[in-house]
Every structure is written in structure tokens, then in C-alpha cells.
1. Fully extended, how many nm does the chain gain between Leu200 and Thr226 (0.36 nm per residue separation, minus their Cα-Cα distance)?
2. With runs of 4+ DSSP H residues as the only contributors, calculate the mean residue ellipticity of the chain at 222 nm using -39,500 (n - 2.57) per run, divided by the residue total and rounded to the nearest 500.
3. Can you list the aspartates and glutamates whose alpha carbon is less than 19 Å from that of Lys207, not counting same-chain residues fewer than 8 positions off?
4. Using modelled amide H (1.01 Å from N, peptide plane; none on Pro or chain starts), what sits under 5 Å from the amide H of Leu117, excluding residues fewer than 5 places away?
5. Straight-line reach only, C-alpha to C-alpha below 26 angstrom: list the lysines that Lys137 could link to, leaving out same-chain residues fewer than 8 apart.
6. If I stretch the segment between Glu193 and Leu213 completely, what's the gain in nm (0.36 nm per residue apart, minus their alpha carbon distance), one decimal?
7. Only Cα pairs within less than 10 Å get springs; with that Gaussian network setup on the chain, which residue of Ile162, Ile64, Ile230 has the largest fluctuation?
8. Taking each pair of distinct Cα atoms in region 166-242 once, what is the resulting Kirkwood hydrodynamic radius in Å?
Amino acid sequence: MPDKIGNPFCIYGLILIIFSMAPADTITAQDSVYNRPPVTSTWRGYKQQVLHDSTKKMVELKSIIPAIVYDLRYASTNNFMNRLMYPAKTTSTFLRLPAARALQKVQQELNQKGLGLKIFDAYRPYSVTVKFWELVKDERYVANPSKGSGHNRGIAVDLTIIHLSTGKELDMGTDFDNFSDTAHSTYTQLPEEVLQNRLLLRSAMEKNGFTVLSTEWWHFYLPEATTYEILDIDFKKLKRSL
């Protein structure tokens with residue numbers, strides 16, 4: 001995303017106009033201009049990669065962080081696309097083993113302060129990234145499928161901090177998927193409480209190996225992205241492997 005994206009309401013309006021002109025069920029892959037990168041889309045291919053390198057295993061986050069909270073926005077209509085991007089009954093999310101273990105350490109550290117993590121999104125099948133692109137086709141707002149994304153590789157996560165006692169989110173100044181300057185991780189014209197909350201999240205994540213995306217305070221990723229293949233394995237198959 002660029003440094004200045006503009007008014008989020010204008011962006012949402014633009015996206016809605018795009019939707020009305022090009023319904024998702026009528027768009028084909030031929031309508032999008034991108035070069036498909038190498039993608040692992042078979043269970044056999046994924047398992048071979050894990051056998052060769054065990055750190056490539058996809059881990060369901062609650063399997064090692066039982067108290068972590070999910071608010072999987074793309075399995076609902078409560079997202080900037082205003083539509084389901086994952087199956088409605090999606091209740092699991094995944095990261096590669098090193099990312100999951102690092103997140104486990106973040107959770108443990110926050111727990112000592114009476115806080116915990118809430119996950120908006122983690123692993124995202126490549127086919128969903130393609131759907132985003134077919135609907136929007138704008139790299140300011142969605143990843144270009146020709147590059148894949150950290151989400152496709154299982155090393156990126158969108159999240160915030162909550163109070164364990166109430167489940168209430170700390171005030172971060174904007175909601176998830178807000179496309180305005182205010183959401184940038186370097187934006188400082190915010191109340192001191194918001195700045196401290198963002199700093200708390202960023203510090204805990206960076207301490208455990210993650211890097212923040214400059215345009216999204218909620219988006220963190222492991223820097224060694226190209227170490228991991230782009231995956232297009234659906235959630236059901238990954239869940240059955242547990």
C-alpha cells in the first residue's frame with residue numbers, strides 16, 4: 001500500500017461500485033492480468049514439503065495457544081469486501097510452525113499483563129487472494145496474485161490485543177482493514193493511549209521475530225517469506241491433518 005491512501009469511505013464506495021459492475025460469480029480468471037507463481041495446491045505436494053522440512057508444517061493456532069481468540073473476518077461479511085471470502089463455517093486458522101511458536105510466546109508474555117491476542121486472519125489460501133484481485137485489481141488494497149502474499153505462505157497474521165477479563169479490544173485507533181493514513185503503523189497523530197497500545201503490540205511481535213507492515217498496524221509477518229511455498233490448500237484439509 002502507498003503512504004497516502006485517502007479517505008476510507010471513498011475507498012469503500014469504490015469497492016462497492018466495482019462489486020456492482022463485476023459480480024464475483026461472473027468473473028473468470030481470464031479477466032485478471034497476473035502471472036501465476038508456483039503454487040502448492042495438492043495435499044501430496046504439501047506433505048512432501050513438510051517431510052523435507054518440518055518447519056513448513058501448518059499449525060492450527062488453538063492447538064498450541066488454546067486461549068487465543070478468533071474473529072475470522074473473512075469467514076463473515078464483517079470485512080471491507082462486505083462478503084464471505086472464506087466458507088461461512090470456517091472456525092480454524094493456521095500458521096507455519098515457526099510463526100505459530102513465535103505467536104505462542106507473544107501470547108504468554110501478554111498473559112502476564114492480563115492481556116491476550118485476537119486473530120482476524122492468518123493463513124489465506126492462494127485462491128482467495130485471486131478472488132480479492134479479481135474483484136478489486138488494485139495493489140493499494142489487495143495483494144497481486146503474481147507475487148502471492150505472506151498470508152498465502154502461512155507466515156503473516158492480522159491481529160490485535162484484548163483484555164482477558166472482558167474480551168474487549170485495546171483501542172488501536174482504527175478497526176481492522178481500515179485503509180486510511182490513520183491505520184499506518186508509523187502514524188503518530190493519535191491519542192497517547194492508542195500510541196501506547198500499538199507500541200505494546202508491535203514491541204511484543206517484533207521481540208519474537210515478526211515485522212509490522214507499514215500501512216497496517218494489525219499486520220505482522222516473518223521476514224523470511226520466500227523460504228515458504230505459496231499454498232492453496234483449503235481449511236478443511238488442513239484441519240483433517242490435526
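1. 6.6 nm is the gain from fully extending Leu200 to Thr226.
2. That comes out to -9500 deg cm²/dmol.
3. Glu109, Asp158, Glu216, Glu224
4. Amide H neighbours of Leu117: Val69, Ile162.
5. Lys4, Lys147
6. Once the chain is fully extended between Glu193 and Leu213, it gains 5.1 nm.
7. Most flexible of the set in this elastic network: Ile64.
8. About 14.5 Å for region 166-242.
Coordinate-derived values only; no laboratory data. These numbers come from a predicted model, not from an experiment. Quick reminder, even Gly has a Cβ in these numbers, built from the backbone with ideal geometry, and neighbours come from all protein chains shown.
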